[in-house]
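Here is the structure we will look at, set down as structure tokens.
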Amino acid sequence: MNKEDVQTQRLLLQLGSCYLNVARQNQIDIDSGLALAGQRMHLDPQLVIDESGVDGGPGRRGAIYAFRPASRPADLDSAIRNLDAARANLDWARDANRLYPIVTLLGKVYLEQGDTAKAAGVFLEVIRRAAGSGNKRAEALAWSYWGTYSAFLPTTIAARIERLERADTLYQQMGEIRSRIYTLSNIGYLSVAAGRPADSRKSFETALTLENSIGFRYTHYTLDLLCLNSIIAGDKESSVRYAIDEVRAAESTGDSTALAIIYARRMFVDQGRSDNKAELLDWGRKSLAVFARWGEGQQAYPIVFTVADLLAENGKQGEALQLMQNQVNASPPVNPAENAQAFLTLGDFYIQMDSLDKAKSYLLRAEKEKMKWSLKMGTLHEFLLNFLLGELFFRKGQFEKSRSYLNTALSYPMSESDFRRIGLAQKDLARIDSAAGRFKDAYLHAQRYVTLTDSFRARSDIRQVAELRAKYEIDKKDNNIKILNQQAALQEARNRQNLFTRNVVIAGAAALLLFLALLYNRFRVKQRANQQLEVQKSEISQTNAALQHLVQEKEWLLKEVHHRVKNNLHTVICLLESQARHLENDALKAIEISQHRIYAMSLIHQKLYQSADVKAIDMSEYLAEFIRYLRTSFDNSEKINFLLDVEPIELDVAQAVPLALIVNEAVTNSIKYAFPGERNGLIAIGMKQDAEGISLQIADNGVGIPPSLFTTPSASLGLKLIRGLSEDIGATLHIGNDNGTVIRIRFQAKFSKSGAGPEHPIIKKAIYV
């Protein structure tokens, strides 16, 4: 690497320093990453310091202190003292080009001291003066330092990206490709942290294109980040291709700075393919060997855990256990996450080796440490801990304990790598419930086990196909290069052989000219035809634009109609409220009931004109808001709980209004009559869609409907309305008592859209209002 030109060496150090900073998850700063990259690459970090442009004397000493690792206060104070001394005798009017780098470095130091206001002041001064004088390089460097060295906080990421984008624009205008590569890489890192994978991928792809355009061979840093981006996006085929390419690039250049992580990435990309464990282990061992060479045992923990799991899956529990014990002894865990995973992994291995007492010891230690790690790691290890305890007690024959832990495990979030354990949990629960006579639960768990097993096999097949396709593309590319080389050699031979044909070519020039004249004539005819087509295309485009405008006007008018209907209904409600002040008893109740019915329709129109789609209303949002309104409308609603289980189903207004009125009548009756005295209660509203249609259920656990109302429906206006409205939408209606009143309605939607995807078999959706 030290044989490369200075610009290439500087770019390599910059990419390596930021990569190590990100790989260590900001546990080291960028300057520490620069020192570490220089050590591994055998390059001088001074190359990066020199880019600032500070000349000799106190300015140069200040620059050296400014780039010292770890941002120690003494180094930062020395940097400021020397940089202040360097600019003391300089004047912006005559020495601007010398002041730009000095003041920019002061901004970097202020950022590392945490004085963001002071840093912003000096950066903005450089940017303003440089822009005014046309010094794009000084302006770009100020934007770049401000974006690169600002603290990594969720609140600063967007501003950092914007500053780096300004620097990239200036570098692009100056044609400084290497500076653009480094800047785009930093934009890509921050875009990943901001949760913007598309922007991140675009930045890394642009950086890779620029690297290839200048013949920069050290593309493995950018390729690894593209691989990570593809993993996040779920693009398995691209992740395999990038993983293969980055290994090839790193090995061909001899740069081992990031080789341990690159080997590990190759292993993680392939993980889950059940027929390729030996190759996965090979990648993992290569990664651990590089970590050992650099003396970075602490950084190797995630790879050690994965390699140990692979060994255990291959039946080599003893070797896996020895690997874990060696790792713990050589580099004891220093943070709660490593400590927790070490205990869990050892417990897992002892379970597989049927050493249940030892397994119990490690798992109980992990459970004891649970509060320590959960403060920093949240529920990261909760699934694995509860699963392993459930498996342990299952093997010990303590089935109820096992059942409790396994159900707890399945209540936590899970990742794709947990598929195998989820399946085992479902299998164990099926056996436990079957033995206990809970045959329905046993059947459900067994069904989920079969579904998960089939899904795992399908995912494995997809990953294998993706890798084979990626390998095929790479092999095809290599073969194409060989073919092109052969074709070049053949072409050279043909050129020598074709020298004698020049006289024949000259003799045929006249015929060629005639042919060209005919060809030009045909071209002119075709050009005129194309011009006519362009005119027609323009006319069609204008017509389409006019039609689009009419559609937009129509939608606007429809929204305005809904708005005005809503306002009119609201006016009616206000009039009823005014009238209600002068009424009492039955007349007042009638007015209040009418207000609720009118509000139900008013809310429909309000939702429609506020929605982007004026043709349909989302019933999950509508019902939640309407139930809140009803709850606040009655004095006794505080003793009643409401449970909503409503899928995001969209209906047109012709069906939404009758359904809203049905819900109003049913819920109002439950609030008023289902819970006499001080009795507490629950009202549940559910709405779901399946292949047979849409079902709505309103149920309470109150006193139920008096049997006389079933035989004399005209005695209750509310029930009469419910029946009539159900007939209006062609629904089947069932009203009965089952530990309270139950009203079920099933109908076919004239127009509906359900946004609910397939539910996980262990997930239930419920909203308490």
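General observations
- Restricting attention to segment 383-410, the residues that are modelled with pLDDT under 85 and farther than 16 Å from L452 by Cβ total 1.
- Looking across segment 300-334, the residues that are in contact (Cβ under 8 Å) with a residue 12 or more places away in the chain, in a helix (DSSP H, G or I) and open to solvent by 60 Å² or more (accessible area, probe 1.4 Å) come down to P302, E313, A330.
- Elements of type strands (runs of 3 or more DSSP E) contained in segment 674-764, each with 1 or more residues being over 17 Å from A656 (Cβ atoms) and either open to solvent by less than 60 Å² (accessible area, probe 1.4 Å) or at pLDDT 95 or above (or both): 681-690, 693-700, 732-737, 741-747
- Residue match in segment 487-509 (condition: at pLDDT below 80, open to solvent by 90 Å² or more (accessible area, probe 1.4 Å), among the polar types (S, T, N, Q) and within 60 Å of the chain's Cα centre (by Cα)): yes
To keep it simple, each residue is scored yes or no on (1) polar (S, T, N, Q); (2) within 14 Å of M687 (Cα to Cα); (3) at pLDDT 90 or above; (4) exposed (fewer than 15 other Cβ atoms within 10 Å of the Cβ).
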site: L583; (1), (2), (3), (4): no, no, no, yes
site: I598; (1), (2), (3), (4): no, no, no, no
site: S602; (1), (2), (3), (4): yes, no, no, no
site: A612; (1), (2), (3), (4): no, no, no, yes
site: K615; (1), (2), (3), (4): no, no, no, yes
site: F626; (1), (2), (3), (4): no, no, no, no
site: R631; (1), (2), (3), (4): no, no, no, no
site: N641; (1), (2), (3), (4): yes, no, yes, no
site: V646; (1), (2), (3), (4): no, yes, yes, no
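- The set of residues from segment 202-230 being more than 21 Å from Q7 (Cβ to Cβ) and open to solvent by 30 Å² or more (accessible area, probe 1.4 Å) comprises K202, E205, L228.
- D690 over 26 Å from G736 (Cβ atoms) and charged (D, E, K, R): no
- Selected residue [out of contact with any helix residue (DSSP H, G or I) (no Cβ under 8 Å at 6 or more places or on another chain) and within 25 Å of A193 (Cβ to Cβ)] from G215, G234, G254: G234
- Residue pairs meeting the criteria (Cβ under 9 Å; at least 6 apart or on separate chains; first over 12 Å from Y629 (Cβ atoms), in segment 594-605; second outside any helix (DSSP H, G or I) and modelled with pLDDT under 75): none
- Set A233, A249: member being open to solvent by less than 20 Å² (accessible area, probe 1.4 Å) and either of a type outside the set (V, I, T) or modelled with pLDDT under 90 (or both): A249
- If only residues of segment 35-94 that are assigned to a helix (DSSP H, G or I) and among the β-branched types (V, I, T) are counted, the one that is surrounded by the fewest Cβ atoms within 10 Å (Cβ to Cβ) is I64.
- Checked against the criteria, D354 counts as surrounded by fewer than 16 Cβ atoms within 10 Å (Cβ to Cβ) and among the charged types (D, E, K, R).
- Meets criteria (closer than 30 Å to L190 by Cα, among the polar types (S, T, N, Q), open to solvent by 60 Å² or more (accessible area, probe 1.4 Å) and more than 31 Å from the chain's Cα centre (by Cα)) for Q9: no
- Among (1) out of contact with any helix residue (DSSP H, G or I) (no Cβ under 6 Å at 6 or more places or on another chain); (2) in a helix (DSSP H, G or I); (3) open to solvent by 30 Å² or more (accessible area, probe 1.4 Å) - the single one A666 does not satisfy: (3)
- Selection status of R293, open to solvent by 20 Å² or more (accessible area, probe 1.4 Å), at pLDDT 80 or above, within 30 Å of I244 (Cβ to Cβ) and touching a Ser or Thr at 6+ places or on another chain (Cβ under 9 Å): yes
- Looking only at residues in segment 254-281 that are at pLDDT 90 or above and surrounded by fewer than 20 Cβ atoms within 10 Å (Cβ to Cβ), the one that is nearest to the chain's Cα centre (by Cα) is S256.
- Screening Y242 on (1) free of Cβ contacts under 8 Å to residues at least 24 places away in the same chain; (2) within 21 Å of the chain's Cα centre (by Cα); (3) open to solvent by 30 Å² or more (accessible area, probe 1.4 Å) shows it passes everything except condition (3).
The values are calculated or read from the model by the stated rules, or taken from the named source; none is laboratory data. Fair warning: this is a prediction, and the values are worked out from it, not measured in the lab. Neighbour counts run over all protein chains shown; Cβ positions are idealised from the backbone, glycine included. When the accessible area is computed, the model is the full protein with side chains, heavy atoms only, and any ligands, DNA or RNA have been set aside. Shrake-Rupley method; radii C 1.70, N 1.55, O 1.52, S 1.80 Å.
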